[in-house]
Amino acid sequence: MKKIVFYIVLSSIMSSIITIAAYKQYAKEETSLFPLFPYNRKTSSLEKTKLTSLNSSSLVSSAGLPDFTRVVSKTIDAVVNVKNYSKKYNNQFDPFDFFFGFPDDFGNGRGRKPQRNDIPGLHGSGVIISPDGYIVTNNHVIKDAEKIEITLSDQRTYKAKLIGTDSSTDIALLKIDEKNLPFIYFSDSNKVQVGEWVLAIGNPFDLNSTVTAGIISAKNRSLGILRGETQSAIESFFQTDAAVNPGNSGGALINANGELIGINTAISSASGNFIGYSFAAPSNLVAKVIQDIKKYGTVQRAYLGVRGMDLSRTEYLKAYNKETHQNIKSQQGFLIGEIFEKSGASDAGLKKGDIIKSIDGKPIQNVADLSFIVGTKYPGDKVKVNIIRNRQKKTFNVILKDLQGRTKIRTKEEITPSELLGAIFEPLSSEYKKDFGIAYGIRIIEIRTGRLSAIGLEEGDIILSINGEKMKKPNDVDRVLKKYSGDVTIKSIKQNGQVYIAGFEMN
């Protein structure tokens, strides 16, 4: 009898030890979050760091229903109101307001033309991502801003400095001069699953600190909304049913642990108001972009060097089959329709007609998958591309390049001002001088993601002066801006003959 009791007691003790050990290991896994600039370019993922996380039991109320009160209390103060002071948006109604933001004077004085820039034309949201005042928001929220104002949840206001923007992902990085601010940590968006709970925090219709809840409805959505901004757009949005309205743009999409998994970017609606779906840029892509802006001054973007279409788009596939006399079936994958010369894809031996099935072992279901995976890489990174060619599986090792065909990361010092501006110029011909009645200027013949596209300049526009100095030849740009830091003023003539003055900060 004593032996039986002894074994029972021993068994209980061992069981308790195992349970405690298992719990500690579980708790260790649960407390793995992701800090501000943790992006690892070798693995294209976020590095882990340990912080205190919420216990999953705190997400359920006594009635057994979801309870996000603790999650909200630890994150809501890190979401701010971003006001865009711009004559452009005060003087006219921007059709993208319906999709992206909400003009303060909508429905009340529409069409009036204030003569000053102290009235905000657009407002949106932003997320504090470090205690020393770095804030991430959408590029469209601060586009063309002459002044950016940040209002915290406690109503303190600050003038924000624009650190950099990326129109390809619609992301912008701001900075305010303050310390010990509340902030939200990044989470690994690759681990987000369809069906999990999420919260959207922002300032819809200028209603500060608004929280809505929903679930991840889908992943890797490509909407085509950034194509008008740049041809190198990267769209791979989370789709959620958390209510997001104009003014939420740039706000936080967080998971049930209070970690940042996305930046709310757009809603799908004909009226401009929420009707069931909203979309957010995933945190891994956002982290890569803001780390590049902070470290290099510009996004270090890699390209595969292909153009093509989703094989899930049956209507386009039918047209392609008819044109090429083929019988390719609808399937998951990306059909290469064009290979760019001297690109990584061309060098590796990829060809028109190849079907990309995976990159680095990650399935390619559509163009959103392709753009996201490549968009988190750097020039010089090697990727393994699995394709189908003539019904045969093949594997290629591709070295990614930037748009100029380079395979190395370059520091701020190595990047010329013209490259930061994101444009190629040509001297102004006598014909253009005569047509516009001017004696000097340089014409933009190609524009990419950069400072000029961010302030609204386009191919064909003529730059007359930079910081008051006349532009007569393309290298005048680098001469004036080399080693320059501070406010830059660009005076230009648009293709319709309108004189356009805009600026940005060079740092």
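The values are calculated or read from the model by the stated rules, or taken from the named source; none is laboratory data. Since the model is a prediction, treat every value here as computed from it, not as a measurement. Note that each Cβ is placed from the backbone with ideal geometry, even for glycine, and that neighbours are counted across all protein chains shown. Please note that ligands, DNA and RNA were not included when accessible areas were found on the heavy atoms of the full protein model with its side chains. Shrake-Rupley method; radii C 1.70, N 1.55, O 1.52, S 1.80 Å.
So which residues in the stretch 405-425 are modelled with pLDDT under 85, farther than 24 Å from Phe340 by Cα and not polar (S, T, N, Q)? Within the stretch 405-425, Lys412, Glu413, Glu414 qualify.
Do we have Leu428 as crowded, with 19+ Cβ neighbours inside 10 Å and touching a helix residue (DSSP H, G or I) at 6+ places or on another chain (Cβ under 9 Å) here? When the stated conditions are applied, Leu428 passes them.
The set of residues in the stretch 389-422 that are within 26 Å of Arg221 (Cβ to Cβ) and open to solvent by less than 40 Å² (accessible area, probe 1.4 Å) comprises Val398, Leu400. Within the stretch 180-190, at least one residue is aromatic (Phe, Trp, Tyr), open to solvent by 50 Å² or more (accessible area, probe 1.4 Å), assigned to a loop (DSSP other than H, G, I, E, B) and in contact with a helix residue (DSSP H, G or I) (Cβ under 6 Å, 6 or more places away or on another chain). Of all residues in the stretch 191-211, those that are part of a strand (DSSP E or B) and closer than 30 Å to Ile373 by Cβ total 6. Filtered by the rule that a residue be farther than 16 Å from Ala252 by Cα and either without any contact (Cβ under 8 Å) to a residue 60 or more places away in the chain or in contact with a His (Cβ under 6 Å, 6 or more places away or on another chain) (or both), the stretch 276-291 gives a lone residue, Gly276. Return a yes/no flag: does the stretch 408-416 have any residue that is over 27 Å from the mean Cα position of the chain (by Cα) and of a type outside the set (Phe, Trp, Tyr). No - not one qualifying residue is present in the stretch 408-416.
For every residue, the table says whether it meets (1) in a helix (DSSP H, G or I); (2) open to solvent by 40 Å² or more (accessible area, probe 1.4 Å); (3) more than 24 Å from Leu285 (Cβ to Cβ).
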residue	(1), (2), (3)
Asn321	yes, no, yes
Ile336	no, no, no
Glu341	no, yes, yes
Asp347	yes, yes, yes
Lys352	no, yes, yes
Leu370	yes, no, no
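Output yes when any residue across the stretch 445-458 is open to solvent by less than 80 Å² (accessible area, probe 1.4 Å), without any contact (Cβ under 8 Å) to a residue 24 or more places away in the chain and within 30 Å of Ile356 (Cβ to Cβ), and no when none is. Yes: the stretch 445-458 contains one or more residues that are open to solvent by less than 80 Å² (accessible area, probe 1.4 Å), without any contact (Cβ under 8 Å) to a residue 24 or more places away in the chain and within 30 Å of Ile356 (Cβ to Cβ).
Residue by residue, here is whether (1) at positive phi; (2) modelled with pLDDT of 90 or more holds:
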position: Phe205; (1), (2): yes, no
position: Val211; (1), (2): no, yes
position: Phe237; (1), (2): no, yes
position: Gly250; (1), (2): yes, yes
position: Leu253; (1), (2): no, yes
position: Gly258; (1), (2): yes, yes
position: Ser269; (1), (2): no, no
position: Ala281; (1), (2): no, yes
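So that you can scan it fast, the table gives a plain yes or no per residue for (1) farther than 22 Å from Phe237 by Cα; (2) open to solvent by 30 Å² or more (accessible area, probe 1.4 Å); (3) of a type outside the set (Lys, Arg); (4) in a helix (DSSP H, G or I):
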residue: Gly124; (1), (2), (3), (4): no, no, yes, no
residue: Pro131; (1), (2), (3), (4): yes, yes, yes, no
residue: Val136; (1), (2), (3), (4): no, no, yes, no
residue: Val141; (1), (2), (3), (4): no, no, yes, yes
residue: Ile150; (1), (2), (3), (4): yes, no, yes, no
residue: Asp154; (1), (2), (3), (4): yes, yes, yes, no
residue: Tyr158; (1), (2), (3), (4): yes, yes, yes, no
residue: Ile163; (1), (2), (3), (4): yes, no, yes, no
residue: Leu173; (1), (2), (3), (4): no, no, yes, no
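Residues that are farther than 17 Å from Arg443 by Cβ, in a loop (DSSP other than H, G, I, E, B) and either open to solvent by less than 70 Å² (accessible area, probe 1.4 Å) or touching a Ser or Thr at 6+ places or on another chain (Cβ under 9 Å) (or both) within the stretch 460-495 comprise Asn467, Gly468, Lys482, listed in sequence order.
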